[in-house]
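A.B. asks: Could you have a look at this structure, given as structure tokens, before my questions?
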Amino acid sequence: NTPLSSPGIQSLSGLIPQQPTRLETIMSDRAGTPLKLFGYDQLGNASLTNSSPAGAVQDDYVLGPGDQLAVSLRGQQQADFQVTVDRDGRVILPNMPPIAAGGRRFGDFRADLDAAVHRAYISTNAYISVAQVRQVSVVVAGDVYQPGVKILTGLSTPLDAILLAGGISKTGSLRGIRVLRGSRTLPYDLYAILTHHGLTSNFALADGDKIVVPPLGRTVA
């Protein structure tokens, strides 16, 4: 369901206001005051979107194949390594057994790698960071302005992909979005983000995800 609201919502992205739809015109005439569909001025026609990650990677980031890690050893052993999570989800460093990384939180992996360094080397500390985040390929389909395959990063969310697809048109739902991940269907409600309420978490995308924006359903004003 998508309510109509009074005008004046400030756009998060500086988007160009869209022309009123027939539905908005009908509802405005009935109410005797201008009304517009809630949220589309913030999430529609977003043709200029930067999908590049910014800032440090947090401990809850889930590692995957293609992520590049910078490992510095300081102490009795002095060395710097640039390693990539391989296709089996492992990280391999000299004199240490492979360490599982794929599908794990960065903070948990860092703790395991630090413990492995202490077992392999005497009086040596490890400093680990994510040097480069992997790319993911997702499909955005349905009522968006520019559907198709989008290339983002492992830090990107479904909202990033939707904005990269030009945003949601006023014929599309902001509430019934689905993220198809293998055999799973993850609901995605943009009202939770727009209003800072609700249960939708702005989770990270995985390679191969398909984001489906269905047509607008029943509407109240």
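The values are calculated or read from the model by the stated rules, or taken from the named source; none is laboratory data. Since we're looking at a predicted model, the values are computed, not measured. In this analysis, Cβ positions are derived from the backbone assuming ideal geometry, glycine residues included, and neighbour counts consider all displayed protein chains. With ligands, DNA and RNA removed, areas are computed over all heavy atoms of the protein, side chains included. Shrake-Rupley method; radii C 1.70, N 1.55, O 1.52, S 1.80 Å.
A.B. asks: Residues of the range 132-154 being aliphatic (A, V, I, L, M) and either crowded, with 21+ Cβ neighbours inside 10 Å or touching a Leu at 6+ places or on another chain (Cβ under 6 Å) (or both), which ones?
C.D. replies: Initial filter on the range 132-154 (aliphatic (A, V, I, L, M)): 133, 136, 138-141, 144, 149, 151-152.
Those that are aliphatic (A, V, I, L, M) and either crowded, with 21+ Cβ neighbours inside 10 Å or touching a Leu at 6+ places or on another chain (Cβ under 6 Å) (or both): Val133, Val136, Val138, Val140, Val144, Leu152.
A.B. asks: Write out, first by first residue and then by second, each pair whose Cβ atoms fall under 9 Å of each other, whose residues are 6+ apart or on separate chains, and whose first residue, in the range 142-156, is over 21 Å from Ala204 (Cβ atoms) and among the polar types (S, T, N, Q) while the second is open to solvent by less than 80 Å² (accessible area, probe 1.4 Å) and not in a strand (DSSP E or B).
C.D. replies: Gln146/Ser47; Gln146/Leu164; Gln146/Ala165
A.B. asks: Give the range 83-129 a look and list any residue that's among the basic types (Lys, Arg) and either touching a residue at least 24 places away in the same chain (Cβ under 8 Å) or surrounded by 13 or more Cβ atoms within 10 Å (Cβ to Cβ) (or both), or say none. Step through it out loud before you land on a result.
C.D. replies: Restricting attention to the range 83-129, the residues satisfying the condition of being among the basic types (Lys, Arg) are 87, 90, 104-105, 110, 119.
Once the filter is applied, which keeps residues that are among the basic types (Lys, Arg) and either touching a residue at least 24 places away in the same chain (Cβ under 8 Å) or surrounded by 13 or more Cβ atoms within 10 Å (Cβ to Cβ) (or both), the range 83-129 yields Arg90, Arg104, Arg105, Arg110.
A.B. asks: While we're here: Are any residues in the range 161-205 in a helix (DSSP H, G or I) and at pLDDT 90 or above, and if so, which ones?
C.D. replies: The answer is Ala161, Ile162, Leu163, Leu164.
A.B. asks: Name the strands (runs of 3 or more DSSP E) wholly inside the range 47-160 in which the number of residues that are more than 25 Å from Asp189 (Cβ to Cβ) is 3 or more. Show your work before the answer.
C.D. replies: On the way: elements: 68-75, 79-84, 124-132, 135-142, 148-153.
Counting at least 3 such residues, we get 68-75, 79-84, 124-132.
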